Amino acid sequence: QVQLVESGGGLVHPGGSLRLSCAASGISFRLYVMGWYRQAPGKQRELVATITGGGITNYVDSVKGRFTISRDNAKNTVYLQMNSLKPEDTALYSCNAKWHTGYWGQGTQVTVSS
């Protein structure tokens with residue numbers, strides 16, 4: 001059974017930082033492109049960042065220079081370090097694993113507010 005379990009969300013002030021984690025089980029982790037997506041209320045889900053098994057990364061323009069995606073293939077875990085957070089980063093952040101098929105986690109809420 002495939003499971004993706006996110007953690008690390010919460011409430012943070014503007015300018016603050018959070019580190020999200022997504023622990024995967026039931027898949028050959030290093031074969032999968034791992035991604036973080038987010039969905040704000042009333043908006044479509046958008047891609048935030050992806051990372052290949054070899055470590056090649058890609059980011060949406062709005063988070064470049066502020067967010068860093070990384071992975072530990074030995075721990076089957078992908079991370080999203082989020083710095084200089086803005087209120088517009090508020091969303092439900094979900095982890096995705098994609099190879100021949102795709103899997104989703106349940107999401108973790110990030111709220112940026114003063």
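So here's what we get for this one:
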read-out	value
Carbon plus sulfur fraction of accessible area for the chain, probe 1.4 Å, in percent	48 percent
Magnitude of the charge dipole, the chain, Cβ model with Lys/Arg +1 and Asp/Glu -1, debye to 20	120 debye
Ellipsoid equivalent to the chain - semi-axes via the Cα gyration tensor, in Å	23, 14, 13
Cβ-derived FRET efficiency at R0 25 Å, residue 114 paired with residue 3, nearest 0.05	0.10
Probe 1.4 Å, accessible area per residue of the range 1-98, Å²	51 Å²
Nonlocal amide H pairs with residue 16, under 5 Å, H built at 1.01 Å	85
Label-to-label distance, nm, for residues given as residue 11 and residue 88 (7 Å Cα→Cβ offset)	2.4 nm
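The values are calculated or read from the model by the stated rules, or taken from the named source; none is laboratory data. Treat the numbers as computed from the prediction; the structure is a model and nothing was measured. Cβ atoms come from the backbone with ideal geometry, glycine included; neighbour counts cover every protein chain shown. Only protein heavy atoms, including side chains, enter the accessible area calculation; ligands, DNA and RNA are left aside. Shrake-Rupley method; radii C 1.70, N 1.55, O 1.52, S 1.80 Å.
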